[in-house]
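Let me begin by presenting the structure, written as structure tokens, before commenting on it.
Rule-based calculations on the coordinates, nothing more; no lab input. Keep in mind that this is a model prediction, so the values were computed, not measured. Heads up, the Cβs are rebuilt from the backbone with ideal geometry, glycines too, and the neighbour counts pull from every protein chain shown.
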Amino acid sequence: MIFVTIGQMLPFDRLIRAVDAWAGERRREDVFAQIGDGRFEPRHMRWRRKLSPTEFTERVRQSEAVVTHAGMGTILTAFDLGRPILIMPRRAELREVTNDHQLATARYFAADGRIAVAFDEAELHARLERLGELKPPAHRPSPETERLIATLRHFI
């Protein structure tokens, strides 16, 4: 199952519409979306507006991949559960968010390479076509954690 989520705070019809179109074109019946309070209602994927925290975590756990906005709560949950992640950031110029912090987050993860990023709908469609190639994000300890481990090894 592909789990699409836009978080709990703001609608993100652009993401939901793009994934719904892709699911329809590809006749994918394994897509489930949490769509929030947006105006667009998907026609080609199962959906609900809201999920409880428990339901949300279970959907992530059951998913082959998570397609989401660039919200850290969703990213961290998918990361912690070892699920491949594809993000598309909300953009302030499109009035999807008040500032471009999600673009900054997306640029960081694009450079980091552990999470797939699509900056627009065309790129999202291309990445959805290669969704099976996504790998779970490899956990890399922070530099502070690495120093602590090295110190403990030296001490022992």
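Structure values in brief
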item: Taking region 1-155 and dividing mean pair separation by its residue count, relative contact order in percent (alpha carbons under 8 Å, at least six apart); result: 20 percent
item: In degrees, nearest ten, helix 53-62 long axis to first principal axis of the chain (Cα); result: 80 degrees
item: For region 1-28 and region 34-103, distance of Cα centres in Å; result: 9 Å
item: Cα long-axis angle, helix 143-155 against the chain (0 to 90 degrees, to the nearest 10); result: 30 degrees
item: Identified option (computed Cα extents along the principal axes in Å; candidates [x] 54, 40, 33; [y] 52, 33, 25; [z] 60, 33, 30); result: [z]
item: For the chain, built as a Gaussian network whose Cα springs stay under 10 Å, the top-fluctuating residue of MET88, MET72, MET45; result: MET72
item: Within-15-Å neighbourhood charge of THR57 [Cβ basis; K, R +1; D, E -1]; result: +2
item: Residue with peak Gaussian network fluctuation, the chain [Cα springs, cutoff 10 Å], from ASP112, ASP20, ASP30; result: ASP112
